[in-house]
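The values are calculated or read from the model by the stated rules, or taken from the named source; none is laboratory data. Quick caveat: nothing in here was measured; it's all calculated off a predicted structure. Virtual Cβ from ideal backbone geometry, glycine too; neighbours counted across all protein chains shown. Accessible surface areas use protein heavy atoms only, side chains included; no ligands, DNA or RNA. Shrake-Rupley method; radii C 1.70, N 1.55, O 1.52, S 1.80 Å.
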Amino acid sequence: MITIFCIPKPFLDPHISTTQKNAISSWKNLGDEVEVITFGNESGIEDVSRELGVKNIPNIKMSDYGTPILTDAFLKGQQEGRGEYLIYTNSLYTTPPPLDF
């Protein structure tokens, strides 16, 4: 089993919401041997996690600037995840700017 986890942005902007939902859904569709976990309690994360049937861990340590601390997410992912392998990924894909050669 593989555990994929992410820390989504708040589900407020329609474009960001759609992109993140598509990403999380695509991981879920990899099969029964893939577990998906979202971290955070920002707006919409718990609701979307429930809607898509993935585990949500709402409490994650944050920096003084409000940035999630990845080491805490990795630790909790290891503790809560069932997978032999733990994969962190970004749930928001944005088109990179064109390369200027």
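Just checking the listed ones, ASN59, ASN41, ASN29: in the Gaussian network model of the chain with Cα springs under 10 Å, the one fluctuating most is ASN29. Here the accessible area of region 15-69 is 47 percent carbon and sulfur, with a 1.4 angstrom probe and all protein chains present.
Taking amide H as placed 1.01 Å from N in the peptide plane, the amide H of GLU35 sits under 5 Å from that of ILE2, THR3, ILE4, each at least 5 places away or on another chain. Looking at region 9-65, the chymotrypsin sites (Phe, Trp or Tyr not before Pro) that sit in a DSSP loop and have at most 13 other Cβ atoms within 10 Å of their own Cβ are TYR65.
Charges were assigned to the Cβ only: +1 to each Lys and Arg, -1 to each Asp and Glu. The resulting dipole of the chain about its Cα centre is roughly 80 debye. Residues considered: ILE24, ILE57, ILE87. Largest GNM mean-square fluctuation over the chain, using C-alpha springs under 10 Å, is found at ILE87.
Couplings for region 55-62, taken from phi via the Karplus curve 6.51 cos²θ - 1.76 cosθ + 1.60 with θ = phi - 60°, read 6, 10, 10, x, 9, 9, 5, 10 Hz in order; Gly and Pro are left as x. With a Förster radius of 25 Å, plug the Cβ-Cβ distance of LEU30 and ARG50 into 1/(1 + (r/R0)^6) and report the FRET value to the nearest 0.05. After rounding, the FRET efficiency stands at 0.80. The mean accessible area for residues of region 10-87, using a 1.4 Å probe and ignoring ligands and nucleic acids, is 64 Å² per residue. Taking the DSSP bridge list for the chain and keeping only pairs wholly inside it, about 10 percent are antiparallel.
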